[in-house]
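Down below is the structure, laid out as structure tokens.
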Amino acid sequence: MSLRIIPYVRAVELEDIIKRVKDRALKLNCEIKFIVPSRHDFDWWAKRSGGENYFRNFNTPWTWQELYENICYELKRDAKSVISPPDILLILTQILENILKNNKELDAWPGIKRPGFLDILASDIHELLNEAVRPEQLILENEQPDAMQQLLYNAYSNYLDYLNNNNLLDAAQLCTE
């Protein structure tokens, strides 16, 4: 079995990609499984395959989550439960409250208790997860982190610990898991 990754930016680009892959697959008489990164791409696929039989001889594509679940199944390993943004914000709210409770100095920061701060923190953590950054990579060796770096490090570390301790997986971790 071989794996070929064909990058694309917009779902509309899939039509040409699929046509090329389909032609080659038919010549080689091989099975193909498409993996798309998001439900938006999957929805595009479903709309295209409904009207005409453009995708005949192809299975429905998988999202990253479906690929992850199928790999776990084949390896006879329990898949972690994947959480989405509403759950993530609830978890980060509790983590941030604990950090603020243990560090009264942070209370003086303007905006830290405003709802928008949590969205920014969640976005930063999401990006770190997408890039598979480990918490220890956030602070350079022999560097004295400033309070913001320390806050991000603590929040990120605590978040990863929470996920691991509860057998959870953030949706942003799917492609690296």
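The values are calculated or read from the model by the stated rules, or taken from the named source; none is laboratory data. Nothing here was measured: the structure is a model prediction, and the numbers come from that model. Quick reminder, even Gly has a Cβ in these numbers, built from the backbone with ideal geometry, and neighbours come from all protein chains shown. Ligands, DNA and RNA are excluded from the accessible area calculation, which covers all protein heavy atoms including side chains. Shrake-Rupley method; radii C 1.70, N 1.55, O 1.52, S 1.80 Å.
Observations on the model:
- For the stretch 80-95, filtered to residues that are of a type in the set (A, V, I, L, M) and free of Cβ contacts under 8 Å to residues at least 60 places away in the same chain, the residue that is nearest to Gln173 (Cα to Cα) is Leu89.
- For the stretch 119-177, filtering for residues that are within 13 Å of the chain's Cα centre (by Cα), at pLDDT 90 or above and open to solvent by 80 Å² or more (accessible area, probe 1.4 Å) leaves 2.
- Those residues of the stretch 82-118 which are open to solvent by 80 Å² or more (accessible area, probe 1.4 Å) and of a type outside the set (D, E, K, R), in sequence order: Pro85, Pro86, Leu90, Gln94, Asn102, Ala108, Pro110, Pro115
- Scanning the stretch 66-79 for residues that are β-branched (Val, Ile, Thr), surrounded by 11 or more Cβ atoms within 10 Å (Cβ to Cβ) and touching a helix residue (DSSP H, G or I) at 6+ places or on another chain (Cβ under 6 Å) turns up nothing.
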